1. Have a look at Val33, Val65, Val98 and tell me which one the Gaussian network model of the chain (Cα, springs below 10 Å) gives the largest fluctuation.
2. Using the number of other C-beta atoms within 10 angstrom as an exposure proxy, rank Trp13, Trp47 with the fewest first.
3. Once every DSSP H run of n ≥ 4 in the chain is given -39500 (n - 2.57) and the sum is divided by its residues, what mean residue ellipticity at 222 nm do you get, rounded to the nearest 500 deg cm²/dmol?
4. Determine, for Asp103, Asp82, the number of other Cβ atoms within 10 Å of each Cβ, and report the residues in order from fewest to most.
5. So which lysines pass the test for Lys22, namely a Cα distance under 23 Å, with those fewer than 8 places away in the same chain ruled out?
6. Using 0.36 nm per residue, how much length does the chain from Arg9 to Gln70 gain when fully extended, once their Cα-Cα distance is taken away?
7. Which distance in nm do the two modelled labels at Ala27 and Thr46 give, with both placed 7 Å along the Cα-to-Cβ direction?
8. So how far, in whole Å, is the C-alpha centre of segment 69-96 from the one of segment 105-124?
Amino acid sequence: MQNKSIYTRFAKWASNFCGQPKVFIAAVVLILVWIITGPMFHYSNTWQLVINTFTTIITFLMVFVIQNSQNRDTQAIQLKLDELICATKGAANALLDVEDLDDQKLKEMNAKYQTMGTSARGGSDQQDTREDDPKN
C-alpha cells in the first residue's frame, strides 16, 4: 500500500465514516435531543448557541474533507478515462486534457460533439470531423 499523508488517510476515513446511515441517524437523534431540551433551558440564547456553534464547526470541517474526497475521486476518474482514450484506437487524443481547457473552448468542443451525436442518431453518414482523426 502507498504511503499516504495523515490528512489523506483521515479524510478518507472521515468521508467513509460520515457517509454511513448510522452517522446520519446519530445526527438526527442529536438534533431531536436538542429540540426536546429546549423547554428545559427555556429556549435560551445559550441553548441556541450550542447547536449553532456545533453545526457550524462540523460543517466547516466537513467541507474540506468532502472537497478532498471529491478531488481524489475526480482525479482518479480522469486518469482512468485518459487511459481508455489512449488505449482506444481512433479515439480523439485531444480530449486527454479537456478538463484543463477554458470555458469557451469547452463550449466549442461540446457543440461539435453534440452535432456529431445528433447526426449519428439521425442516421446521417456524415463523416467524423475530429481534428486528430487520421482519416481527415
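Rule-based calculations on the coordinates, nothing more; no lab input. All figures in this text were calculated on a predicted structure; none of them were measured in a lab. Glycine also receives a Cβ, built like all others from the backbone with ideal geometry; neighbour counts cover every protein chain displayed.
1. In the Gaussian network model the winner is Val33.
2. Working: Trp13 11, Trp47 16.
The most exposed by this proxy come first: Trp13, Trp47.
3. The helix-only estimate for the chain comes to -23500 deg cm²/dmol at 222 nm.
4. Details: Asp103 7, Asp82 16.
With the fewest neighbours first, Asp103, Asp82 line up as Asp103, Asp82.
5. Counting by Cα, and skipping residues close in sequence, Lys22 has these lysines nearby: Lys12.
6. Numbers: separation 61, 0.36 × 61 = 21.96 nm, distance 1.42 nm.
Gain on extension, Arg9 to Gln70, equals 20.5 nm.
7. My value for the distance between the label points is 2.8 nm.
8. If you average the Cα positions of each part, the centres end up 20 Å apart.
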